[in-house]
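The values are calculated or read from the model by the stated rules, or taken from the named source; none is laboratory data. In this text the structure is predicted, and so the values were computed from the model without any measurement. All Cβ positions, glycine included, derive from the backbone under ideal geometry; neighbour counts span all protein chains shown. To get the accessible areas, we keep the full protein, side chains included, count just its heavy atoms, and leave off ligands, DNA and RNA. Shrake-Rupley method; radii C 1.70, N 1.55, O 1.52, S 1.80 Å.
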Amino acid sequence: MAKLEPKERMKIPRQPMPEQDPKIRNANFEEVALGYDEATARKEAERCLQCKKPGCTVGCPVGVRIPEFILAVREGNLPKAVEEMKVKNNLPAICGRVCPQEVQCEGKCILTKKGKSVAIGRLERFVGDYELAHRTCPLTAAPATGKKIAVVGTGPAGLTCAVDLAREGHKVTMFESLHGPGGVLVYGIPEFRLPKKVVFGEIDYAVECLGIQVRNDHVIGRTISLNELLEQYDAVFLGTGAGLPSFMRIPGINLNGVMSANEFLTRVNLMKGYLFPNYSTPVKLGKKVAVVGGGNVAMDSARCSKRMQAVQAKQTGTEPGEVHIIYRRSKEEVPARAEEFHHAIEEGIICDLLTNPVEIIGDETGKVSKIRCIRMELGEPDASGRRKPVPIPGSELEMEMDTVIMALGTSPNPIVFVDADGLERTKHGTAVADVETGRTKKQRVWAGGDVVTGAATVISAMGAGKRAAADMHKFLKGEAPW
Amino acid sequence: MYKILEKQVLSDVIKLMVIEAPHIAQRAKAGQFTIVRIDEQAERIPLTIADYDSKAGTITIIFQEVGQSTMHLGTLNVGDSIASFAGPLGHPTEIENYGTVICMGGGVGIAPIYPITRALKQAGNKVISIIAARSKDLLFWEDKMRAVSDEIHVCTDDGSHGRKGLVTDPLKEILEAKKENIAKVWAIGPAIMMKFVSLTTKPFNVPTIVSLNTIMIDGTGMCGGCRVLLDEGAKFVCVDGPEFDGHKVDWNSLMSRLSYYREEEKMAVEHWKEHKCKLDKEIAAGGK
Ligand SMILES: Cc1cc2nc3c(=O)[nH]c(=O)nc-3n(C[C@H](O)[C@H](O)[C@H](O)COP(=O)(O)OP(=O)(O)OC[C@H]3O[C@@H](n4cnc5c(N)ncnc54)[C@H](O)[C@@H]3O)c2cc1C
Ligand SMILES: Cc1cc2nc3c(=O)[nH]c(=O)nc-3n(C[C@H](O)[C@H](O)[C@H](O)COP(=O)(O)OP(=O)(O)OC[C@H]3O[C@@H](n4cnc5c(N)ncnc54)[C@H](O)[C@@H]3O)c2cc1C
Ligand code: FES
């Protein structure tokens, strides 16, 4: 394309993402968003105004060189786009799919005010997918330093930290309690949003290029403790996430048919329950499913439920049933990514907003039969700045349900803190660590990601892993003593 | 991959395997368990550490073939491997010298009660054991249990070996005889047995520890699928247990949760048998 004036660029419409039809996709587990082709990507890249002071980069938690990579896409130089991307972000195929762009890079794009921001996330994914397929930007390691590092947890925080340290020539061993690496990227976020071949593609490549060791089936705090790791390794990074589910304190939570989102998503995603009985882990879901919560976890649970209902209806020759999201605030406060909420509605999920469960009622066999809720209204803003939901007296209602999935947020799993004296924690159970360096209160131990912040985002976990790796490297070189 | 080094058939449906797992053997203690995943398609199932050898780096598991996963596991042989083996999980048994204790194992529960009994004996307790099974051919490790007990009672439901009756019969007699103070009772077996043991000891106020066998997935506190209702609220069996005060457990809720997946379990067995049958035929055809 010839060189364009800013005005002409602003006339190009934001390029839509090709997607599976909602009525078809709500019955399969294949990826919803199909990705740009090169022509569409280059057209979208033409929309970028190449701001002198780019807001997008400021909005990105890891400061990806956004105008630079977009310029390379526009010029058709994809290897260069990958190179620019990888200065700050090793996992673009993942971030392009799951980051909440509307409140980060795209939220700060100058075009947001004038209409529609550049589709930075979609371009990022395009570049990431190109790299996955072509591998133009190999990972290489500096000469061996002889230092040994243990990284606990293989989610985005641990992975990023491990890759950066291995590139500096340190010998990195990762420990994972589950049977495979990836953290929430594998057990939580479903296949139709983030195909596992993308996650495993990135992990296998890093492990292969950099000689990182992965030890699955190692629960730190049980199999081996943090104190024992410190005897064997020069430094330890904790990226154990926030995997502990919470249940509402209401009557009926122990009934059959009530489960945490973590249990449901683990059965479906990690254990591939949607392929039962070819895969052995069953998923039991009724015809009337209530998902309680409004975050990404709730959206994923609801959308997986819809798909599972379709799979099971096909197997049994019955009607699929319905899925409700029960959320105590209004649409404006829904914390999920905008795209996920939009997709959920498109796929036929029913939203009961400003509604809060007060009791789960069972039948004579101990199985869920109803959920009793109360309607809410928004009152004064609370500490988080959001308007606080308050119950409307006398507004109780009952809905027939046979499955209730609790998606209410998670906190760090305390197992890793067993035999780890000196590692300070907050009253929320998160590890205390310096924001800039990731240093904890225990010598030679760094931490980052959800274990420090509580449930947050993939990109913030990666950022924390990256900052910790930089400080660990300085420490190991003797430049930044404890 | 974790290699199977030894296999013993203890009865038609109960098998023992010694598995190479130095990472678990190093710290394993009586009362803890593992999570086993046979291969890529398999589910994760909890199995107790029936014995361990930290020098050899091995873990012994004993399992009863009750469904698809345990049947599949039973078809593996020495030299085969399992894909995942995590542990040791859960809290170990609190071993002390309590005085006189009773250790009870029902059915495949004899496997997990053995290392606890042995540890209690080594700690100086006087150990009375009660072991039971439905019939003689389901009973195993009587000799091993005898070797670590001061007194042993053996029962079968059908009377084909030892005394005819349930574990609660000798238990009740011992408690009623009041010959000596019983400091604690451990009971491991089917939920229904643990329930009745707890009901039996309750009027005598004898602290009773049970090891709960809820359905699990991760075994690390991540899913809450293993939760059990106690007097004080819900607990996760995998991280808060597996041992609990039997007098506080809501047994009805536990048993109802255990049977929740029955239809799916049946389906899994049928599917697996069909698949296995096909494979066996193919192998036979290939061999010709
Ligand atoms: C269903 C769901 C959907 C989400 N959707 C999005 C989204 O769209 N966009 C977004 O940005 N964020 C999303 N998030 C949040 C995001 O996934 C997390 O913030 C991020 O994964 C945190 O990364 P982490 O590396 O800190 O921890 P995790 O990804 O949680 O990884 C921690 C790892 O440590 C392991 N571990 C824990 N304890 C131990 C131990 N004792 N020993 C050994 N290993 C241990 C765990 O098994 C796990 O593999 C979602 C989260 C969920 C649950
Ligand atoms: C901490 C712990 C330790 C355990 N240790 C042992 C052990 O050492 N040896 C052993 O044989 N088993 C043990 N179990 C039970 C074992 O995990 C189950 O028998 C196994 O998961 C069944 O899997 P399956 O696919 O073969 O059968 P499924 O098809 O899952 O079940 C078949 C039948 O068994 C019942 N069942 C399912 N799960 C359980 C369970 N957890 N407990 C009791 N009945 C169940 C079902 O109701 C069904 O009728 C333990 C369980 C726990 C939680
Ligand atoms: S098995 Fe998942 S929390 Fe216990």
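Note on residue B:284 and residue A:315: with the Förster distance fixed at 35 Å, the Cβ-Cβ geometry gives a FRET efficiency of about 0.70. In this structure region A:247-406 gives 40 Å² per residue of accessible area when probed at 1.4 Å with all protein chains present. Rolled with a 1.4 Å probe across the full set of protein chains, the surface gives residue A:351 an accessible area near 40 Å². Within a straight-line Cα-Cα reach of under 22 Å, residue B:281 can be paired with the following lysines, leaving aside sequence neighbours fewer than 8 residues apart in one chain: B:273.
Could you tell me whether region A:154-273 comes out rounded, prolate or oblate from its Cα gyration tensor? Rule is a ≥ b ≥ c as square roots of the eigenvalues, rounded for a/c under 1.5, then prolate if a/b exceeds b/c, otherwise oblate. It comes out oblate by the Cα gyration axes. Rounded, prolate or oblate: which one fits the protein assembly as shown, using the alpha carbon gyration tensor with axes a ≥ b ≥ c (rounded when a/c is under 1.5, else prolate when a/b beats b/c, else oblate)? Since a/c reaches 1.5 and a/b is larger than b/c, the shape of the protein assembly as shown is classed as prolate.
Legend: residue pairs A:284/A:370; A:53/A:80; A:441/B:29; B:195/B:248; B:121/B:144, Cα-Cα distance threshold 19 Å; pairs beyond threshold, A:53/A:80; A:441/B:29.
Cross-link partners for residue A:86 among the aspartates and glutamates, with Cα-Cα distance under 16 Å and sequence neighbours closer than 8 places in the same chain left out: A:68, A:124, A:129, A:131, A:164, A:168, A:202. Summing +1 for each Lys or Arg and -1 for each Asp or Glu among the other residues whose beta-carbon sits under 12 angstrom from that of residue A:121 gives 0.
Taking a straight line from the alpha carbon of residue B:276, these lysines sit under 20 Å away, with near neighbours fewer than eight places off in the same chain left out: B:15, B:266, B:288.
In the assembled protein chains, residue A:482 presents an accessible area of approximately 100 Å² (probe radius 1.4 Å). Legend: residues A:23, B:273, A:287, sorted from most to least accessible area (1.4 Å probe; ligands, DNA and RNA excluded), read A:23, B:273, A:287. Rounded to the nearest 20 debye, the dipole size of the protein assembly as shown about its Cα centre is 1520 debye, using +1 on the Cβ of Lys and Arg and -1 on the Cβ of Asp and Glu.
Between the residues B:167, B:90, B:101, the greatest Cα displacement towards the positive end of the dipole of chain B, with unit charges on the Cβ of Lys, Arg, Asp and Glu, is found for B:101. How much of the accessible area of the protein assembly as shown, in percent, comes from carbon and sulfur atoms when a 1.4 Å probe is used? Summing carbon and sulfur atoms, their accessible area is 52 percent of the total for the protein assembly as shown. Restricting the trypsin sites (Lys or Arg not before Pro) of region A:337-420 to loop positions (DSSP other than H, G, I, E, B) with no more than 15 neighbouring Cβ atoms within 10 Å leaves A:386. Remark on residue A:361: its backbone amide H falls under 5 Å from those of A:369, A:370, A:371, A:372, a criterion applied only to residues 5 or more positions apart or on other chains, H modelled at 1.01 Å from N. Structure remark: mean-square fluctuation, Gaussian network model of chain B, C-alpha springs under 10 Å; the largest value among B:143, B:250, B:240 belongs to B:143.
Once the Cα-Cα distance is subtracted from the 0.36 nm per residue extended length, the residue B:76 to residue B:250 segment shows a gain of 59.0 nm.
Annotation: extensible slack from residue B:12 through residue B:122 equals 36.4 nm (criterion: 0.36 nm per residue apart, minus Cα-Cα distance). Solvent-accessible surface (1.4 Å probe) assigned to residue A:332 amounts to roughly 150 Å².
Treating r as the C-beta distance of residue A:372 and residue A:345 and R0 as 25 Å, the FRET efficiency rounds to 0.50. What residue among B:15, B:144, B:184 shows peak mean-square fluctuation when chain B is described by a Gaussian network model with Cα springs under 10 Å? For chain B, modelled as a Gaussian network with Cα springs under 10 Å, the answer is B:144.
Tell me, what is the FRET efficiency for residue A:363 and residue A:148 to the nearest 0.05, using R0 = 56 angstrom and their Cβ-Cβ distance as r? Working from the Cβ atoms, E equals 0.50. By the gyration tensor of its Cα atoms, with a ≥ b ≥ c the square roots of the eigenvalues, what is the shape of region B:155-288: rounded for a/c under 1.5, prolate for a/b over b/c, or oblate? The shape class here is oblate. Residues considered: B:105, B:87, B:57. Largest GNM mean-square fluctuation over chain B, using C-alpha springs under 10 Å, is found at B:57.
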